[in-house]
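What follows is a set of notes on a single structure, which appears directly below.
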Amino acid sequence: MFEAAPVALRNAPVVQMVPQDASSGVTAFFGTWPGDESEEELLEAPQAIE
């Protein structure tokens with residue numbers, strides 16, 4: 001299809017990587033996993049929603 005492989009015009013990163021801490025990123029959204037819950041507490045949680 002091409003005589004030579006296409007070359008990017010710029011080698012700019014798509015996103016800027018930022019370190020995450022407890023107040024940002026996945027931890028801030030989901031919390032800590034696994035937590036201190038027992039198996040029984042985890043199994044009871046969906047039933048409490050119903």
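Hey, among the residues in segment 15-44 that are assigned to a loop (DSSP other than H, G, I, E, B) and aliphatic (A, V, I, L, M), which one's most open to solvent (accessible area, probe 1.4 Å)? So, considering only residues that are assigned to a loop (DSSP other than H, G, I, E, B) and aliphatic (A, V, I, L, M), the one most open to solvent (accessible area, probe 1.4 Å) is Met17. From the list Ala48, Ala12, the lone residue that is assigned to a loop (DSSP other than H, G, I, E, B) and open to solvent by less than 100 Å² (accessible area, probe 1.4 Å) is Ala12.
The values are calculated or read from the model by the stated rules, or taken from the named source; none is laboratory data. Computed from a predicted model, the values in this text were never measured in an experiment. When the accessible area is computed, the model is the full protein with side chains, heavy atoms only, and any ligands, DNA or RNA have been set aside. Shrake-Rupley method; radii C 1.70, N 1.55, O 1.52, S 1.80 Å.
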